[in-house]
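The values are calculated or read from the model by the stated rules, or taken from the named source; none is laboratory data. None of the values given here were measured: they were computed from a predicted structure. Neighbour counts run over all protein chains shown; Cβ positions are idealised from the backbone, glycine included. SASA here: full protein model, heavy atoms, side chains in, ligands and nucleic acids out. Shrake-Rupley method; radii C 1.70, N 1.55, O 1.52, S 1.80 Å.
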Amino acid sequence: PFTNSISPAKVAAASSPSAVMAADMEFVNGALCLYRRTNHLLCHCFQSSSQMKLCMVTALAALMNGTISAQHTQSQERQEGTKDAHLQSTTPTEMLVVFLDRSLKKDNKDKAGSASDVEMDALLSDAVFLFNAIRDKDLFAEMHKEALGKRLLNNRSASIEEEKSLIVKLKVAQGAGF
């Protein structure tokens, strides 16, 4: 049920780039919501059981590595008899980069209202947890560096402190080479 509501298959129905970006944002928001709910359950109902934590991490890794998404997409394509070229190129890794890019831009802050430092720090920490779940960290790093460079060169970053915070969190998660 959850994968039906946030699946990248929704991208196939989108006809414009803004609709595709909205579907990407919806996917990552759904994954973050799932992580927060399962983490809350893990802490409060299962007393941070290591077995339950392993199950949660495994399930989120399957979601973020396209295992669940690819299965849903393939069954959807069989039902519809179609194959969308853009759908194949949109991976959860790419969606996470787009999500972070939009979250860290000035334009997004102006439209949605400025999130507090605590809320943004929590969002970045949760996004880094999703980053830990993906396998294609090299693609993420390459795309994130490109998006970061564009934000900084075009003066579109909402806060240099938030950018630094994300880089520090990614370095802690991935190592100093990030």
**Asked** Has segment 162-176 got at least one residue that is open to solvent by 80 Å² or more (accessible area, probe 1.4 Å), aliphatic (A, V, I, L, M) and part of a loop (DSSP other than H, G, I, E, B)?
**Response** yes
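Suppose we filter 83, 105 for residues that are surrounded by fewer than 19 Cβ atoms within 10 Å (Cβ to Cβ) and either within 28 Å of residue 38 (Cα to Cα) or at pLDDT below 55 (or both); which single one remains? Break it down into steps so the answer makes sense when it comes.
Values: 105 fails: either within 28 Å of residue 38 (Cα to Cα) or at pLDDT below 55 (or both).
So the residue among 83, 105 that is surrounded by fewer than 19 Cβ atoms within 10 Å (Cβ to Cβ) and either within 28 Å of residue 38 (Cα to Cα) or at pLDDT below 55 (or both) is 83.
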**Prompt:** Can you tell me how many residues in segment 136-153 are open to solvent by less than 50 Å² (accessible area, probe 1.4 Å) and over 17 Å from the mean Cα position of the chain (by Cα)?
**Reply:** 2
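Could you look through segment 40-70, keep only residues that are without any contact (Cβ under 8 Å) to a residue 60 or more places away in the chain and of a type in the set (S, T, N, Q), and pick out the one that is least open to solvent (accessible area, probe 1.4 Å)? Steps first, please.
First, the residues of segment 40-70 that are without any contact (Cβ under 8 Å) to a residue 60 or more places away in the chain: 40-56, 58-59, 62, 66-67, 70.
With the extra rule that they be of a type in the set (S, T, N, Q), the set shrinks to 47-51, 58, 67.
Details: 47: 139, 48: 71, 49: 36, 50: 93, 51: 143, 58: 81, 67: 58 Å².
Per the criteria, the residue is 49.
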**Request:** Among the numbered conditions (1) at pLDDT 90 or above; (2) assigned to a helix (DSSP H, G or I), tell me where residue 25 comes up short.
**Result:** (1)
**Message:** Which of the numbered conditions does residue 34 fail, given that it passes all the others? Conditions: (1) at pLDDT below 90; (2) open to solvent by 40 Å² or more (accessible area, probe 1.4 Å); (3) within 19 Å of residue 133 (Cα to Cα).
**Reply:** (1)
